[in-house]
Amino acid sequence: MKKLILSLSILTCFAFSNEEPKVTTYNYGHNGMEYVARNKNGTVIISTFNSKFTIRQEIATRIYEMYLDRKLENNKTVTVFGSEADVTGKCVIKKKDNLTTVDFYYESVQWCSGLKEIYQKKS
C-alpha cells in the first residue's frame, strides 16, 4: 500500500510539473504580401515580415479578420492566435485613398509544442 501511494505521489509530481519552454532565436524569415482582399471600402493588403513559412498564410488571414473587427491599432504590438502557434508582433497600418496596407512584423512565435522563437536581426 505504501508503494502504491508513493508511486501515485511521484507520478502526480511529474504530471503537474511546469517545465520551462525552450527559447531560441532566429534571424531569417519570409517577407511579402500574404493576403489581398477587396471590400466595400477598397482594397486591403496584408504583408508579413520575418514570418515563419509554415504559418504565414493562417496568421495573415487572422490579421485581416482582426482588421475587419477593428482590433488593430497602428504601431502597436498585438498577439495573433493561430492553430499551430501564437505570434506576437508589431502592426503598421497605412491608408491612401482606397488602398489600405497592414504590415505585420513578427517579434516572437510561441509554438504549441512549447518552443518559443524570438526574431533577432542579423548583425
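The values are calculated or read from the model by the stated rules, or taken from the named source; none is laboratory data. Keep in mind the model is a prediction, meaning the values are calculated, not measured. Please note: Cβ atoms are built from the backbone with ideal geometry, for glycine as well, and neighbour counts cover all protein chains shown. Remember, those area values only see protein heavy atoms, side chains included, never the ligands or the DNA or RNA. Shrake-Rupley method; radii C 1.70, N 1.55, O 1.52, S 1.80 Å.
Tabulated data for the structure shown
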{"quantity": "Restricting the stretch 59-87 to residues that are in contact with a strand residue (DSSP E or B) (Cβ under 9 Å, 6 or more places away or on another chain) and among the acidic types (Asp, Glu), the residue that is least open to solvent (accessible area, probe 1.4 Å)", "calculated": "Asp86"}
{"quantity": "Exclusive hit being touching a His at 6+ places or on another chain (Cβ under 9 Å) and not hydroxyl-bearing (Ser, Thr, Tyr), set Asn41, Asn50, Asn31", "calculated": "Asn50"}
{"quantity": "Considering residues of the stretch 88-106 that are in contact with a Cys (Cβ under 9 Å, 6 or more places away or on another chain) and open to solvent by less than 70 Å² (accessible area, probe 1.4 Å) only, the residue nearest to Glu117 (Cα to Cα)", "calculated": "Phe104"}
{"quantity": "Which listed residue, of Ser51, Ser47, is in contact with a Ser or Thr (Cβ under 8 Å, 6 or more places away or on another chain), open to solvent by less than 50 Å² (accessible area, probe 1.4 Å), at pLDDT 90 or above and within 17 Å of Gly89 (Cα to Cα)", "calculated": "Ser47"}
